[in-house]
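Let me begin by presenting the structure, written as structure tokens, before commenting on it.
The values are calculated or read from the model by the stated rules, or taken from the named source; none is laboratory data. Keep in mind the model is a prediction, meaning the values are calculated, not measured. All Cβ positions, even for glycine, are placed from backbone atoms using ideal geometry, and neighbour counts span all protein chains on display.
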Amino acid sequence: MAIPVRDSEDVLPEEPVRGTAPRWEGEFVAYFEARSPSLRSTAFVLCGDWHRAEDLLQATFLKLYQVWPRLVRRGELDGYARRVLVRVFLHENRRLWRSREHISAEPPETAAPGDPDVVQRLTVRAALAAVPPKQRAVLVLRFWNDLSVEGSADALGCSVGTVKSQTARGLATLRKRLGPQLDDLVRGGRKEHWA
């Protein structure tokens, strides 16, 4: 379901004086400051890289900024923002992998040995990264953002059946990738292992 927008007749032309911000910009800034940590966290769980998560967040808020004056139902803004974030993520994953930069001059930093939480988090991140993007998006919406099947379907713009099948396939891939480590994670079973 798309967020309703006002007709062009309903929108008063808002031409700010040169050098001043539009009247609604303060409202947008307040929303950005309040919701960016949550959306950044969701973006990170989707892509597994803080730098890429920042890029996804920036693209998401740019798209929101462009349509902000036309948004009517601000109560549904969180759902709309999540939908934009997931679509930006999926769109970026459709690009050719060759067009992305792959920096690998040095190996990534490793966790300090002996900290089981860090090891478990890294294990879950690696397994989640192996899940195809659309299945990963469904898993993040369902289990990280705690959305219902219907809410996830709305955010992804697909049917409830698609969400259910993508969830089942994504969980199967996660189980396969985690293998024997799954039992340890299930016993710990905390959301913090993802972030």
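List of remarks:
- Given (1) at pLDDT 90 or above; (2) within 19 Å of the chain's Cα centre (by Cα); (3) surrounded by fewer than 12 Cβ atoms within 10 Å (Cβ to Cβ), index of the condition residue 132 fails: (3)
- The stretch 115-129, residues that are over 14 Å from the mean Cα position of the chain (by Cα) and not polar (S, T, N, Q): 115, 116, 117, 118, 119, 121, 122, 124, 125, 126, 127
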